[in-house]
Amino acid sequence: MGQSSQGKNIEKILSILKKEYKNWDENVATVKQMIKVHNFEPFKSLIMAIISTQTKDSITSKVSEKLFQIANSPKEILKIPDKELENTLKSVSFYKRKAKYIKDTCRIIIEEYKNKIPSNFDKLIKLPGVGRKVANVFLSHVYKKDVIAVDTHVHRISNRLKWVNTKNPNQTEKELYKVVPKRLWRDINLYLVAFGQAICSYKPKCSICPIYELCPYENKRL
Ligand code: SF4
């Protein structure tokens with residue numbers, strides 16, 4: 001942790017969010033549902049991470065469950081006719097594109113990685129449909145690597161809390177590595193995403209916020 005993290009209350013805020021997390025019933029239930037479907041298996045987790053971009057977790061869970069009933073290995077996914085795969089993914093955003101990403105990813109996993117999902121960031125982001133966020137979520141959840149996965153919630157909240165002052169998630173990721181102690185990197189995604197869904201959303205519910213007193217956001221409202 002560098003000098004720049006001083007005064008940001010990062011540890012204090014994360015420990016409060018960690019305690020509050022269990023009260024965000026709906027969110028916790030959704031996360032549990034996601035875990036039930038992938039059970040931290042690398043292949044299922046990766047496919048779900050691709051499906052999940054710009055899609056609600058509840059929809060991702062349902063659709064993935066359905067997909068894994070039909071096929072749960074790269075080889076089996078490749079056997080599904082394109083139209084059938086698209087139909088299975090139909091309630092997911094950008095389902096046609098994601099169907100193609102999933103098939104291309106499966107092909108690469110078989111041909112280049114002998115059926116094993118890579119645990120290396122640079123290899124992961126070369127897979128179709130896998131961006132920085134997807135790769136980091138995957139590495140942190142499945143291979144338990146110390147990384148910070150930045151999505152729109154993490155980006156928005158880190159800026160409101162003045163942990164960073166950035167214009168996009170990639171910049172946020174870079175800056176968070178400088179100010180967050182390494183042992184907390186994996187916590188950032190889990191707790192800020194849940195907090196963003198439950199309270200500090202696009203229109204924040206500041207009146208019920210457990211870190212109101214610590215929040216430096218100029219537009220916070222009681
Ligand atoms: S006070 Fe409002 S803006 Fe600040 S963290 Fe809480 S919900 Fe977000």
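Worth pointing out:
- The chain: angle of helix 169-179 to the longest principal axis, Cα-based, in degrees nearest 10: 50 degrees
- Sparse-neighbour loop sites [trypsin sites (Lys or Arg not before Pro); region 123-222; at most 16 other C-beta within 10 Å; DSSP]: Lys126, Lys144, Lys145, Lys162, Lys167, Lys205, Lys220, Arg221
- Entry comment: accessible area of the chain is 54 Å² per residue, from protein heavy atoms only and a probe of 1.4 Å.
- Taken one residue at a time, the phi angles of region 15-30 give Karplus couplings (6.51, -1.76, 1.60, θ = phi - 60°) of 6, 5, 4, 4, 6, 6, 3, 5, 7, 8, 3, 4, 5, 4, 4, 5 Hz. Gly and Pro are set to x.
- Apportionment of accessible area to carbon and sulfur, the chain, percent (1.4 Å): 51 percent
- Between 0 and 90 degrees, the angle of helix 132-141 with respect to the longest Cα principal axis of the chain falls at about 90 degrees.
- With respect to the chain, whose longest principal axis is taken over its alpha-carbon atoms, helix 42-52 is tilted by about 70°.
- Here the ratio of the Cα radius of gyration of region 41-141 to 2.2 N^0.38 Å is 0.96.
- The GNM of the chain, with springs linking C-alpha atoms under 10 angstrom apart, assigns the highest mean-square fluctuation among Val130, Val150, Val31 to Val31.
- Computed over region 41-141: relative contact order in percent, which uses C-alpha pairs under 8 Å that are six or more apart: 30 percent
- Restricting the GluC sites (Glu not before Pro) of region 71-150 to loop positions (DSSP other than H, G, I, E, B) with no more than 12 neighbouring Cβ atoms within 10 Å leaves nothing.
The values are calculated or read from the model by the stated rules, or taken from the named source; none is laboratory data. What you see is a predicted model; the values in this text were computed from it and never measured. Methodologically, a virtual Cβ is constructed for each residue, glycine included, from the backbone with ideal geometry; neighbour enumeration extends over all protein chains shown. Each accessible area value is taken on the protein alone, full model and side chains, heavy atoms only, with ligands, DNA and RNA left out. Shrake-Rupley method; radii C 1.70, N 1.55, O 1.52, S 1.80 Å.
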